[in-house]
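Remarks on the structure that follows.
The values are calculated or read from the model by the stated rules, or taken from the named source; none is laboratory data. For clarity, every value in this text was computed on a predicted model and none was experimentally measured. Cβ placement follows ideal geometry from the backbone for every residue including glycine, while neighbour counts extend to all protein chains displayed. Heads up: the accessible areas ignore ligands, DNA and RNA and are worked out on the full protein's heavy atoms, side chains in. Shrake-Rupley method; radii C 1.70, N 1.55, O 1.52, S 1.80 Å.
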Amino acid sequence: MNLVSFFFEGLIMAAGGAGKVHDGLTFWQRIQPPEDISEHGHLIEWLFNYTTILNIFFFALVCAGLFGFSYLYSAKRHSKPYYTYGNKKSHIMVATAIGLSVFLAIDMNITRMSNNDYTGVFINWPDEDKEEVYRVQVMAQQWAWHFRYPGKDGVFNTEDDVVYLNDLRVPAGKKVVIQMISKDVIHSLYLPNARRKVDAIPGRITRIWFKLNKPGKYDIACAEMCGTYHYRMQAKLTVYEDADMNAWMAEAQEKAIQENDPENLERYWGWTWQKTTRKEVSMN
Amino acid sequence: MAFYEQHIHPKPTTFISKYIFSYDHKVIGKQFLWYGILGLGLGGIMALMIRWALAFPGEAFPLIGQFMFPETGGVIPPDTYAMLFTMHGTIMIFYAITPILIGAFGNFCIPLMIGCRDMAFPLMNMLSFWLAVLSAVLLVGSLFTPLGAAAGGWTAYPTLSTLIGSPGVGQTLWAVAIFVLGISSTMGAINYITTVITLRAPGMGYFDMPLTIWGLWLTAILNAIFLPVLGAGGLLLVFDRVFGTQFFLAGAAATSGTGDPVLFQHVFWIFGHPEVYILILPAWGIVSDILSFFSRKPAFGAKATALSMTSITILSTLVYGHHMYTTQMSPLLTQTFMTLTMTISIPSAIFFANWLGTIWKGSIKFDTPMLFSLGVVFVFGLGGLTGLYLGTVTTDLYLHDTYFVVGHFHYTMAASVLFGSFAAIYFWMPKMFGKMLNETWGKIHFWLTMLGLNGVFFGMLFVGYAGMHRRLYDPFVYDFLQKLVPINTFITWSAILMGLSQIIFVVNFVYVVFWGKEETDPNPWKVGTLEWTIPSPAPHYNFDQIPVVKCGPHELGNPNLTTDRDFQYQTEELVEA
Amino acid sequence: MERTAILHSDSAEGKRLVSSIAMIVVLVSFSMLFASLFLGYSYFRITSPVWPPMGMDKVELFYPTLSTFAIVLSSMTFMIFRAKYFGGGDVKKTLPWLLGTIALGLGFMYTQFSLWADLKSKGFYASSGVFQSLVYSFTWIHAAHIVIALLALAYLIPVTMKKECTITEENKVNNVGKFWHFLDVIWLLMYFIIFVI
Ligand code: HEA
Ligand code: HEA
Ligand code: CUA
Ligand SMILES: [Cu+2]
C-alpha cells in the first residue's frame, strides 16, 4: 500500500504538480473519497472495496497468464508450440470454470449485496405516518439550487415557506427526505459526503432520503451536464446539532413570515408534499 | 457458400474512378482509414485541450490558443470547453474508431478474408463512404456557426439539447450529422451482413471464418438493428428543435407539460449500449486472430470465442438501463438491469480465458501487432472489471457521472478499441499498401502509448473515486476537489505523452505509405488466411480464381506438417496424423 | 463439417437470394426506426392518465381512412402489376397497373396533405402538445418514406418498358414492391394505433 502510494507521489512530484502539493497529503489520502458523514455511505464504500479485492484477484490471474506465458513461451524459449484447438474436455472445463467463477465469485456476489443495500436502505423510504422526517423541496435551475422548507404551518407552497438559495441546512441524526424538480434542464443533486446523487428532471418529481450524523459545512454539486456553468452550480450543506437546527429554523421561519410577500407568484414553485406511506414502502 | 461468382470488370482508369468515387472495397477501406486517422488527430487534439483546461485552469493554451481564443488571451473559455468534450466524444466514437475499425477494416478484410472479389453491393459501399464524408462536413461545419457547435455532451440529453438549453444551429447540425452518419453506417452494415452470408468462398462454413470476420459481422448486425433507433431519437430531437414539437420538453419549460426528457435517454441508450459493443466486437475478433497467429498455434477454443461474442451481442441489447440508475427508474427495472448487466461478464471472462489459452504453450513472436493485441488483453481486463463497479446500482449512485465512469470507458474504448485498431493497422499494412510499417518505431509507439495511457486512465479512476464529477470546466471551485490538483496535472502530462506518441505513429504511417520500400514477401507474417494467398498489395478483384476453403483459419504449428512451413493455407487439405 | 465446394453455376439463382437477404436486412432496419417511434408513443400513452391528454379530442378519421383506402388499393394494384410483369404480359397490359399504383400513392400523399391542412385549420399544431407532436411526426416520417418509395416506383417505369426481364429487373421490381408493401403495413399500424384507438 505505502509502496504504491510512494510510487505515485514520486510520479506526481515529477509531473510538476509539486508546486501545489504543499498541503502535505500523501497520495493515498488524496484518492480517498470525501469524508463520509452519512449513516449509510459506508455501505457503498464497503461494496466498492469488496469488489476491488475480487477484481484484483482476477486481474492478477489475467496478468499472471499474460506476463507469465509471454515470458515462458516466447519464441526463443519455446520454439515448438503445442498444437491444440483447446477443445479437449479439460480445456473446455477450465474455460467454463473461469467464466462461472467470475460470474459466481464476483457478479452474483456483489449483485446480491448491492441489491440488499438498495432495497433495504436506499429505496426503503421512511414511513411518514410512523416517524417524523425532515422534509425539503428542491428546485434545480441553470445554475442554482433552491431549497424550500415548509415553514411554521408545516405545509409546502404556502406564503410562510422558508426558501433559501444554494444553502441547505439539515439536522444531524434525523432522516431527511428531499423531493426535487428542475425548472429547465436535467440536473443532478450530488452530495459527495453522503455518497449519493439523484437527477432533478423537469416534469417529474424525484426523491432521495438520507441520514447525516456529522455536523459541519460541506459541498453540494451538480453532477449532470446542464450547460456552460454546470461546473459552478454548487451549494453548501450545513449539518446542525438539534439545538442549533431548531434555533436557526425558528429564526428563519420568523424572517419568512415578516419578509415574504404573498403577492409574488414567483415564490410558489413548490408543490404539495408527496407523502411516502407504508403502502408505498412495501411496494418497493 | 458463394452464391454466385462476381464478374471481373476492367480496371478503372481515370484518377476519379480510381481513387475518389471508387467501387473497390480496398480503396474504400483506405479512404475510411485516412478519414479515421484524421478524426483521431482532431479528437485527440481536443482531448489535449480538455486536459490542459483541467490541469492548468486559467492558463493560455500553448501554441494555437492565442489564435483560437484571442478574446480570452488564449485561455479556453467555459462554453468552448463544453463544445470540446462534446465534439471530442462524438468525433472519437463516430468519426475515428468507427471508420477505422468498421469502415476501413470491415471493408478491407471482409472480402479478402472470406475469399470473394468485392462486397455484394459496391455502389452502396461507395455511397456509404461519401455519406460519412458529408456527415463529417456537417459536424465540423457546426464548429463555425455563430453560437458554436453542440455543447450538450455526446449523449445530448434533452432538455439541455433542445432550444431551452442550447439555442443556435450547432446542436441541430450535430443531430443531423449523426443521422446522416447513421444512414451511412447502416448501408455499410447491410453490405457486410449480406456479403458474409452469401459470398464466403466455397467450403467456408461459419466456423471456418477468421474471428475478425465474426467480430465485424456481429457488429454489422448490431449496427443494422440499433442505428435506426438512434436515428429515430435524433429525428424527434430535430423536430423538437425545428418544428417545435414537444417530445422531450416538460415541466416549467413546456407550454403543455406532457413531453418527457427521460424518453430520450431510453431511446439513446437502447442504441448507446449496443454501440459500445459495436465498437469493441471487431477489436475482440482481430485480437483473437492475431494472438493465435503470433503464438504460432490455433486459437484456443475459437468456437467458444465466436459463441461468446454472439451471446454478448444478444445480451448487449438487454442492459442499457445501467446508464440511467440515477434517473430513478422503478426499482424492479433497476434490479433487472443490474442483474442482466452482470451476466455479460460470463462470456467476457470465457474469451479472456481463451485468449490466455491461445498464448499458453505457444511460441510467441513479439512483433508490433502482437504487442498491441497483448496490450488489449491487459487494458480490457481493467476496463471490463471497472465496469462491474458501475453495474451494481448502489456503487453507481456514487460513481455515476464521475471520472470513474470516464476512466472505465476510456479503458474500454480509448485503450482496448484504440489498441485493436493499431494492431489491425500494423498487421494488414503489407496487404493494404504492400509495405511494412517500421517495426522499431512501432514498438516505441506501443510502449510510450501504453505508458501514457495508463497514466491518464488510471488517474481518471482515482480522481473519479475521490468524487470528481464529469464535464467540469474547473473542478477546483469545489473545496472537496482541491486536493486533486496534482493528480490532474499528472493525468495531463500523461495525456501529452500519449498524444505525442501518436505523432510517432502518424509520421511512421505517412512516411511508409508514400516513401517506404516495397515489401517483397506476399506473406510476411506467415499465416494461412485467404488474404495471404494472393500477392500484396491485393490485386484488382483480389482472387482471379475463387479459392476453395479446406481448413480453418488458424492452422499453425501442426506437427504433422511435412512442408517447410509451420502453417497451412486455408486452401489446403488439413494434414492429420 | 461438410466441405463440398458449392458455387452456384446459375448465378441468377444466387443473385436472387442475395438481393432478398439484403432486402430483409433493409426492412429490419426500417422497422426498427418505426418501432422506436411506436415505443415513444406507448411510453407517453402509458404514462399519461387520460388519452388523448388533457381533454383534447381525437383526430377525425375521415382523411386517415381515405389514406388507408388509397394505400391498401395501391398495394393490390402493385401485386397485379407484378403478376402481369412476371407473367410476361406485354407492356401495354402491365404498365397501366404500375401507373395506377403510382397514382394511388400520389392520392395517399394528397390525403395526407389535406389531413395536415385540416388539422391546422382546427388549431391542432405540432407545437401544442405531445399528442399533436406524435400525430404530426409519425405522419411526416411515414410520408417522407412514401415519397422515396414513389420515386422508386417511378424508376420502375423504364425498367418495365425494357424488352427482356433479366434477374436484375426482377430484383428491382421485387424489392421496390417489398418496400411499398412494408410502408403499407406501417401505415395500417399507425392508422389503428394513433387514429382509431
Ligand atoms: C467498448 C466500450 C465499452 C465496453 C466493452 C464496456 C463494457 C462494460 N461496461 Fe461500460 N461504458 C462505456 C463503454 C464500454 N463499456 C461507455 C462509453 C460508457 C459511458 C457513456 C457515457 O456516459 O458517456 C460506459 C458506461 C457504463 C456504465 C454506466 C455508468 C454510469 O454512467 O453511471 C455501466 C454501468 O453498469 C457500464 C458497465 C459495463 C459493463 C458491466 C461492461 C462489461 O461488458 C464488462 C465485461 C468484462 C469483464 C467483466 C472483464 C473480463 C473478465 C475478467 C478479466 C475476469 C478474469 C478472467 C480470467 C481470470 C481469465 N459501463
Ligand atoms: C474511442 C473514444 C475515445 C478516445 C480514443 C479518447 C481519448 C482520450 N480522451 Fe476521451 N472521451 C470519449 C471518448 C474517447 N476519448 C468520450 C465518449 C467522452 C465523453 C464525452 C462527453 O462527456 O460527452 C470522453 C471524454 C473525455 C474526458 C472528460 C471530459 C469531461 O468530462 O469534462 C477527458 C478528460 O480528460 C478525455 C480525455 C481523453 C484523452 C486524454 C484521450 C487520449 O487517449 C487522447 C490521446 C491522443 C490521441 C489518441 C490522438 C493524438 C494524435 C495526434 C496529436 C497526432 C495528430 C494526427 C493527425 C493530425 C493525423 N476524454
Ligand atoms: Cu446543473 Cu449541472
Ligand atoms: Cu452500457
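Could you grab me the full set of residues in the stretch B:128-158 that are within 16 Å of ligand 1 (Cβ to nearest atom), more than 20 Å from the chain's Cα centre (by Cα) and over 15 Å from B:TYR95 (Cβ atoms)? Answer for the stretch B:128-158, where residues must be within 16 Å of ligand 1 (Cβ to nearest atom), more than 20 Å from the chain's Cα centre (by Cα) and over 15 Å from B:TYR95 (Cβ atoms): B:ALA151, B:GLY152, B:TYR157, B:PRO158. In this entry, A:TYR85 is excluded by the filter for residues that are farther than 20 Å from B:VAL379 by Cα, facing another protein chain (nearest Cβ under 7 Å) and modelled with pLDDT of 90 or more.
No other residue among B:PHE404, B:PHE433, B:PHE419 is more than 13 Å from every other protein chain (Cβ to nearest Cβ), modelled with pLDDT of 95 or more and either touching a helix residue (DSSP H, G or I) at 6+ places or on another chain (Cβ under 7 Å) or more than 16 Å from ligand 3 (Cβ to nearest atom) (or both) apart from B:PHE419.
The numbered conditions (1) assigned to a loop (DSSP other than H, G, I, E, B); (2) over 25 Å from B:SER421 (Cα atoms); (3) within 29 Å of the chain's Cα centre (by Cα) are all true for B:VAL527 except (2). Is it the case that some residue within the stretch A:160-171 is basic (Lys, Arg) and more than 24 Å from A:ILE37 (Cβ to Cβ)? No, the conditions are met nowhere in the stretch A:160-171.
Yes or no, residue by residue, for (1) farther than 27 Å from B:LEU143 by Cα; (2) open to solvent by 40 Å² or more (accessible area, probe 1.4 Å); (3) within 16 Å of ligand 1 (Cβ to nearest atom):
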| position | (1), (2), (3) |
| --- | --- |
| B:ALA2 | yes, no, no |
| B:LYS18 | yes, yes, no |
| B:GLY39 | no, no, no |
| B:MET46 | no, no, yes |
| B:PHE67 | no, yes, no |
| B:PRO77 | no, no, no |
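Would you be able to say whether some residue in the stretch B:313-321 is within 16 Å of ligand 3 (Cβ to nearest atom) and either open to solvent by 10 Å² or more (accessible area, probe 1.4 Å) or under 29 Å from A:HIS187 (Cα atoms) (or both)?
First, pick out the residues of the stretch B:313-321 that are within 16 Å of ligand 3 (Cβ to nearest atom): none.
Scanning the stretch B:313-321, I find no residue that is within 16 Å of ligand 3 (Cβ to nearest atom) and either open to solvent by 10 Å² or more (accessible area, probe 1.4 Å) or under 29 Å from A:HIS187 (Cα atoms) (or both), so the answer is no.
Do you know which of the residues in the stretch B:288-319 that are of a type in the set (Ser, Thr, Tyr) and without any contact (Cβ under 8 Å) to a residue 60 or more places away in the chain is nearest to B:ILE213 (Cα to Cα)? Steps first, please.
Going residue by residue through the stretch B:288-319, those that are of a type in the set (Ser, Thr, Tyr) are B:288, B:292, B:295, B:305, B:308, B:310-311, B:313, B:316-317.
The next check asks that each one be without any contact (Cβ under 8 Å) to a residue 60 or more places away in the chain; those that pass are B:308, B:311.
Working: B:SER308: 14, B:SER311: 16 Å.
By that ranking, first place goes to B:SER308.
The residue of the stretch B:388-407 that is nearest to B:PRO331 (Cα to Cα), among those that are more than 8 Å from ligand 1 (Cβ to nearest atom) and within 21 Å of the chain's Cα centre (by Cα), is B:PHE404. Taking the conditions (1) over 27 Å from B:ALA96 (Cα atoms); (2) within 14 Å of ligand 4 (Cβ to nearest atom) in turn, B:LEU315 satisfies each one other than (1).
Out of B:LEU279, B:LEU227, B:LEU318, which single residue is more than 7 Å from every other protein chain (Cβ to nearest Cβ) and farther than 29 Å from B:THR395 by Cα? Reasoning before the result, please.
Numbers: B:LEU279 fails: farther than 29 Å from B:THR395 by Cα; B:LEU318 fails: farther than 29 Å from B:THR395 by Cα.
Exactly one residue qualifies, and that residue is B:LEU227.
For the criterion of being part of a helix (DSSP H, G or I) and within 16 Å of ligand 4 (Cβ to nearest atom), B:LEU263 fails. Applying the criterion of being within 14 Å of chain B (Cβ to nearest Cβ) and in a helix (DSSP H, G or I) to the residues of the stretch C:41-95, the residue that is most open to solvent (accessible area, probe 1.4 Å) is C:ILE46. Out of A:ALA256, A:ALA243, one residue alone is more than 30 Å from B:THR162 (Cα to Cα), surrounded by 14 or more Cβ atoms within 10 Å (Cβ to Cβ), more than 16 Å from ligand 3 (Cβ to nearest atom) and modelled with pLDDT under 90. It is A:ALA256. Summed over the stretch C:111-148, the residues that are within 21 Å of C:PHE44 (Cβ to Cβ), part of a helix (DSSP H, G or I) and open to solvent by 20 Å² or more (accessible area, probe 1.4 Å) give a count of 4.
Just for the stretch A:206-219: of the residues that are without any contact (Cβ under 8 Å) to a residue 40 or more places away in the chain and open to solvent by less than 10 Å² (accessible area, probe 1.4 Å), which one is farthest from the other protein chains (Cβ to nearest Cβ)? If you could, list the steps in order and put the result at the bottom.
Initial filter on the stretch A:206-219 (without any contact (Cβ under 8 Å) to a residue 40 or more places away in the chain): A:206, A:208, A:217.
Filter again for open to solvent by less than 10 Å² (accessible area, probe 1.4 Å), leaving A:206, A:208.
Numbers: A:THR206: 5, A:ILE208: 8 Å.
Here the answer is A:ILE208.
Checking the stretch A:173-183 against the condition returns a match, with at least one residue being crowded, with 17+ Cβ neighbours inside 10 Å, within 16 Å of ligand 3 (Cβ to nearest atom), β-branched (Val, Ile, Thr) and within 7 Å of another protein chain (Cβ to nearest Cβ). Applying a threshold of 8 Å to beta carbon distances and a minimum spacing of six or more residues, or different chains, the list of pairs starting in the stretch B:380-397 at a residue that is more than 7 Å from every other protein chain (Cβ to nearest Cβ) and within 14 Å of A:TYR50 (Cα to Cα) and ending at one that is among the hydrophobic types (A, V, I, L, M, F, W, C) and within 16 Å of ligand 2 (Cβ to nearest atom) reads B:THR386/B:PHE404; B:THR386/B:LEU461; B:LEU390/B:LEU399; B:LEU390/B:PHE404; B:LEU390/B:VAL405. Just one of the numbered conditions (1) open to solvent by less than 10 Å² (accessible area, probe 1.4 Å); (2) more than 14 Å from chain A (Cβ to nearest Cβ); (3) in a loop (DSSP other than H, G, I, E, B) is not true of B:GLY244: (1). Do we have any residue at all in the stretch A:274-284 that's within 21 Å of the chain's Cα centre (by Cα) and modelled with pLDDT under 95? Yes: one or more hits. Scanning the stretch A:191-205 for residues that are free of Cβ contacts under 8 Å to residues at least 24 places away in the same chain and either more than 7 Å from chain B (Cβ to nearest Cβ) or more than 20 Å from B:LEU249 (Cα to Cα) (or both) yields a total of 1.
Filtering the stretch B:449-479 to residues that are more than 16 Å from ligand 3 (Cβ to nearest atom), touching a residue at least 24 places away in the same chain (Cβ under 8 Å) and open to solvent by less than 20 Å² (accessible area, probe 1.4 Å) leaves B:THR449, B:GLY452, B:LEU453, B:GLY455, B:VAL456, B:PHE457, B:GLY459, B:MET460, B:LEU461, B:VAL463, B:GLY464. The residues listed here are A:LEU100, A:LEU11, A:LEU25, A:LEU47; of these, the one that is in a helix (DSSP H, G or I), modelled with pLDDT under 85 and not small (Gly, Ala, Ser) is A:LEU11.
Sort out for me the strands (runs of 3 or more DSSP E) sitting completely within the stretch A:182-225 that have 1 or more residues that are within 16 Å of ligand 2 (Cβ to nearest atom).
In the stretch A:182-225, the matching strands (runs of 3 or more DSSP E) lie at A:187-191, A:196-200, A:216-222.
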